[in-house]
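Only one structure is covered here, and it is reproduced in the block below.
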Amino acid sequence: MHPLVKIAKDAVELYIKEGRTLQVSDDSLPGELKRKGGVFVCLKIGGGLRGCIGTYNPTESNIARETAKNAVAAATCDPRFMCVRPEELDNIEYTVDVLTSPEPVSGIEDLDPKRYGVIVQSGLRRGLLLPDIEGVNSAEEQVSIAMQKAGILPGAKTKLFRFEVERYK
């Protein structure tokens with residue numbers, strides 16, 4: 001199990017079972033986990049989404065802490081789902097995506113939904129969709145879903161950004 005996946009799992013289990021937050025010690029981290037970055041944590045049960053929360057701009061001092069924080073948020077704060085229950089813990093599959101910094105693109109032709117995630121921005125509204133999502137086969141679909149998530153109306157003036165991920169399961 002990749003160390004970030006273990007951190008996500010440990011953070012969720014400690015929080016759900018004991019109500020405590022996992023303390024990630026910087027001293028014990030390997031070098032690659034000490035860098036800053038945006039992280040999304042997705043929880044699935046039986047192949048179905050159970051929660052997914054993340055940040056594209058880092059809010060913590062390293063990706064290990066970012067993972068722990070976002071894992072608990074995915075289990076308890078995703079507005080699409082009820083909080084994870086203790087009896088579900090043994091069935092959860094964890095995915096941790098570490099994001100590159102978003103870069104602006106000039107248009108939809110610069111996107112590839114298998115390789116890049118997308119951020120669509122209109123005014124203060126922003127919607128994000130991770131790359132390589134099952135059932136999303138075109139950049140148009142990807143942008144449309146991100147717009148819906150943000151409540152951006154079709155035809156609105158938007159800015160597009162793309163990013164790549166390192167995905168760990």
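The values are calculated or read from the model by the stated rules, or taken from the named source; none is laboratory data. Since the structure is predicted, the reported quantities are computational estimates derived from the model, not experimental observations. Reconstructed Cβ throughout: ideal geometry from the backbone, glycine too, with neighbour counts over all protein chains shown. Remember, those area values only see protein heavy atoms, side chains included, never the ligands or the DNA or RNA. Shrake-Rupley method; radii C 1.70, N 1.55, O 1.52, S 1.80 Å.
Scattering from the range 47-133 was approximated by placing one identical point on each alpha carbon and applying the Debye formula without solvent; log10 I(q)/I(0) at 0.11, 0.12, 0.20, 0.22 1/Å stands at -0.38, -0.45, -1.10, -1.24. Size estimate for the range 1-90 follows the Kirkwood approach: the inverse of mean 1/r over distinct Cα pairs works out to 13.1 Å.
If only the Cβ of Lys and Arg carry +1 and only the Cβ of Asp and Glu carry -1, the dipole of the chain around its Cα centre is close to 420 debye.
Coupling constants for the range 158-169 follow from the phi torsions by the Karplus curve (6.51 cos²θ - 1.76 cosθ + 1.60, θ = phi - 60°), and in residue order they are 10, 10, 10, 10, 10, 8, 10, 9, 9, 9, 10, 10 Hz; glycine and proline get x. Using a simple spin-label model with pseudo-atoms 7 Å out from Cα toward Cβ, Lys114 and Asp26 lie 4.1 nm apart. Three principal axis extents describe the C-alpha atoms of the chain; from largest down they are 47, 34, 27 Å. Amide H to amide H, with H built 1.01 Å from N, Val105 comes under 5 Å of Leu160, Phe161, Arg162, counting only residues 5 or more places away or on other chains. Counted by Cβ distance under 15 Å from Gly38, the other residues give a net charge of +1, where Lys and Arg count +1 and Asp and Glu count -1.
The apolar share of the surface of the range 105-169, taken as the fraction of accessible area on carbon and sulfur atoms (1.4 Å probe, ligands and nucleic acids excluded), comes to 49 percent. When you count the other C-beta atoms within 10 angstrom of each residue and take the mean per peptide, 31-39, 65-73 line up highest first as 65-73, 31-39. Near Gly51, the amide H atoms lying under 5 Å from its own belong to Leu43; only residues 5 or more places off or on other chains count, and H is placed 1.01 Å from N. Estimated from helical segments only, the mean residue ellipticity of the chain at 222 nm is -8000 deg cm²/dmol, where each DSSP H run of four or more residues counts as -39500 (n - 2.57). Close amide-amide hydrogen proximity is noted between Arg35 and Ile63, each under 5 Å apart and 5 or more residues distant or on a separate chain (H modeled in the peptide plane; Pro and chain starts excluded).
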